[in-house]
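Below is one structure, written out as structure tokens; the observations come after it.
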Amino acid sequence: MTLKNVICPGCGACCDDIQIDLGMDGLIVKNACKIGNAKFQQVVSDKRIRKPLIREGGMLRETQWNDALQKAARILVDAKRPLIFMGSDIVCEAMEVGLQLGEFLGGVVDSNTSVSDGPATMGIQEAGRVGATAGQSKIKSDLVVYWGANPLESMPRHMSRYAIYPRGHWTRRGWLDRTIITIDPRRSITSENSDFHIQLNAGTDCELMSALLTLLHGKQPHPSAEKITGISICQMKEMLDIMKGCNFGVIYLGSGVSSSCGMHRNAELAFNLVKELNSFTKFVIGSLRSYCNTGGFTHIASSLYGYPFGLDFARGYPRYNPGEFTTVNLLRERDVDAALLVSSNLDAHLPAACAEYLAEIPMICIDAIPCPMTMLSNVVLPGVIDAVECEGTLYRLDDMSIYSNSIIGSPFEFTESNEHTIKQLFEKAKDIMK
Ligand code: SF4
């Protein structure tokens, strides 16, 4: 069986030209990068979690679906303040049910946004954003600035599908007519393939953006800006001239900007810089989301409850305070007493102290592939690979919603999707609380 134009849930690019051949030779994926290929190969992986597991006597053992659900629901109901963490590999429909479950339990619901591009989301709230769809940027841009991003490793097909190689309105010869600037303290494969590499000192994005804004206003930055950023005023002026002189420029913000000193203030300054550049030419900005559906949670939570991530329902209504109700802070302060992690791969994002605390509290994991979090869990529910084994909505890096059909059904009799699993858990929790 051959399936064409399949959407890849490997990262925020949501490439929609993947071909899947399913046959005796296994699953052959065409057009995808190695990240996408690895994602699809999970379907046939022999490491797949196929049976529900519960911890007894310190060991995880296989059990019946209903028993695992019952135990998971009991953990959530008995907790005073459970944390529900929605990973970025799940579809919006599952995120919506997770939010409703969190509201019902009076817990906290958070997502990958808070440990990845949350600061960029907060920057948008502060400054607004001049954005464009990936298609508009592809057709019109003749200048691309990667700021704190390394797309050749984190989103390998971004350049070929959306940014550098496609031919466009002012770029009839594709990449030959485009200018690429990479702003990154590190040398990376992306910086080596750029026309200019602005190698600023680590953690000085805020100072560089402030200096660029000052120059844009026709004033001279303080001389200390050179020493702090490691970039001369001359270089800054040269970069600004290129930016002002293009027909259509795009800045792609990577997690390097959000995670360096200044956090959401960096993103806010970047959005302001782009607003000011629009006095000279057309300029837009977007986040380079290397996680698949982080944008999905932001949109669903904002439209249902008004806040993009880190929602606390302890008082019966949603409260939002990044730094207090976000996962890392809650775990560091030991402020939750149980956790439900859905396709989270959370261990990759947590400081050691937070991971240690997670190991102390009752934990439920819904995951397709074993990871350190499933090994520490009290209950493991087999995960369905969303947007591959079930249909659902994903948000692309440019905040466009993309509906993905399933290419193969759920491999389980007891659940059709992660959304279905969370719904069943919700029903069990309601039954216990009757
Ligand atoms: S760039 Fe992202 S969406 Fe495209 S094939 Fe690779 S992992 Fe999948």
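Read-outs: derived from the displayed coordinates by stated rules, not from any lab. These numbers were taken from a predicted model, which means no experiment stands behind them. No Cβ is skipped: glycine too gets one built from the backbone with ideal geometry, and neighbour counts run over all protein chains shown.
Couple of notes before you dig in:
- Whole-number D in µm²/s for region 19-160 (Stokes-Einstein; Kirkwood sum over Cα pairs; 25 °C, 0.890 mPa s): 124
- A Förster radius of 51 Å, combined with the Cβ-Cβ distance separating Asn66 from Ala202, puts the computed FRET efficiency at roughly 0.50.
- Nearest-0.05 FRET efficiency for Asn405 and Glu356, computed from C-beta distance (R0 45 Å): 0.65
- Note on Lys428: aspartates and glutamates with a C-alpha under 16 Å away, same-chain residues under 8 apart excluded, are Asp67, Asp78, Glu103, Glu419.
- Were the residues from Ile369 through Arg332 laid out at 0.36 nm apart, the gain over their Cα-Cα distance would be 10.7 nm.
- Here's the list of aspartates and glutamates a cross-link from Lys30 could span, going by alpha-carbon distance under 15 Å and ignoring same-chain residues fewer than 8 apart: Asp16, Asp17, Asp21.
- Mean Cβ neighbour count within 10 Å, used as a protection proxy, ranking 133-140, 413-420, 253-260 highest first: 253-260, 413-420, 133-140
- Reachable aspartates and glutamates, given that their alpha-carbon falls under 16 Å from the alpha-carbon of Lys244 and they are not under 8 places away in the same chain: Asp142, Glu276
- Its Cα gyration tensor gives region 109-162 an equivalent ellipsoid, and the semi-axes of that ellipsoid, as √(5λ) in whole Å with the largest first, are 23, 16, 10.
- Dipole-positive endmost among Val43, Gly58, Leu216 within the chain (Cβ charges, Cα centre): Leu216
- Beta-bridge orientation, the chain: approximately 35 percent antiparallel, per DSSP, counting only bridges with both partners inside.
- The slack in the chain from Glu192 to His217, taken as 0.36 nm per residue of separation less the alpha-carbon distance, amounts to 5.9 nm.
- Exposure proxy ranking for Leu381, Leu69, Leu176, based on other Cβ atoms within 10 angstrom of each Cβ and starting from the fewest, stands as Leu176, Leu69, Leu381.
- Taking each DSSP H run with n ≥ 4 as -39500 (n - 2.57) and averaging over every residue of the chain yields -10500 deg cm²/dmol at 222 nm.
- Rg/Rh for region 214-372 stands at 1.07; both radii use Cα atoms, and Rh follows the Kirkwood definition.
- For the residues Gly58, Gly174, Gly128, a GNM of the chain with alpha-carbon springs under 10 Å puts the largest fluctuation on Gly58.
- Rule-of-thumb Rg ratio for region 118-287 [Cα; 2.2 N^0.38 Å; N residues]: 0.95
- Across region 370-434, the convex hull enclosing all Cα atoms gives 137 Å³ per residue.
- Order of Asp110, Asp335 under a 10 Å beta carbon neighbour criterion, fewest first: Asp335, Asp110
- Relative to the Cα centre, the charge distribution of region 118-287, modelled as +1 at Lys and Arg Cβ and -1 at Asp and Glu Cβ, gives a dipole magnitude of about 560 debye.
- Rounded to the nearest whole angstrom, the semi-axes of the ellipsoid equivalent to the chain, taken from the Cα gyration tensor as √(5λ), stand at 40, 26, 17, largest first.
- If you plug the beta carbon distance of Gln235 and Arg74 into 1/(1 + (r/R0)^6) with R0 = 56 Å, you get a FRET efficiency near 0.40.
- Cross-link table Lys39/Lys430; Lys140/Lys219; Lys138/Lys237; Lys4/Lys47; Lys4/Lys51; Lys71/Lys423, entries beyond 24 Å C-alpha to C-alpha: Lys39/Lys430; Lys140/Lys219; Lys138/Lys237; Lys4/Lys47; Lys4/Lys51
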